[in-house]
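Since the structure comes first, as structure tokens, the remarks are kept for the end.
The values are calculated or read from the model by the stated rules, or taken from the named source; none is laboratory data. Note that this is a predicted model, so its numbers are computed, not measured. Note: ideal-geometry Cβ built from the backbone for every residue, glycine included; neighbour counts use all protein chains shown.
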Amino acid sequence: MKLKTSILKIYSIIFLISCVGYTIYNYDQLSEGEGWGVVGMVGLFGFGVLLFVGDIVICNLIKNKTTANIIGLVVSIIATLLLIYGGFFS
């Protein structure tokens, strides 16, 4: 299986690299108290993996690259809005 470049795949890779970098850079602050900051970063990392897997599923289900990229762009925008505004129920 060859991984093709798509908007959602690039978004999720940048998101995962940012999560790891932020965790390494701010580990002391994230691990203060009971360490719930690290747990939150693991949750965000899982969200990035979910985006990456979702992109693989979208690319395998939809063979038209333009349509797959448009769907990936919509998913990326929704994911960004969810992260900025705090999720579904906030």
Open item on the list: I'd like to check something: does segment 47-63 contain any residue that is among the basic types (Lys, Arg), over 10 Å from the mean Cα position of the chain (by Cα) and modelled with pLDDT of 90 or more?
Closed with: no
TODO: May I ask you to verify whether GLY87 is out of contact with any strand residue (DSSP E or B) (no Cβ under 6 Å at 6 or more places or on another chain), assigned to a helix (DSSP H, G or I) and either small (Gly, Ala, Ser) or modelled with pLDDT of 90 or more (or both)?
DONE: no
- [ ] Check every one of the helices (runs of 4 or more DSSP H) wholly within segment 1-69 and list those with 2 or more residues that are surrounded by 15 or more Cβ atoms within 10 Å (Cβ to Cβ).
- [x] 7-25, 36-61
Task: segment 7-46: number of residues that are of a type in the set (A, V, I, L, M, F, W, C) and under 10 Å from the mean Cα position of the chain (by Cα) - done: 10
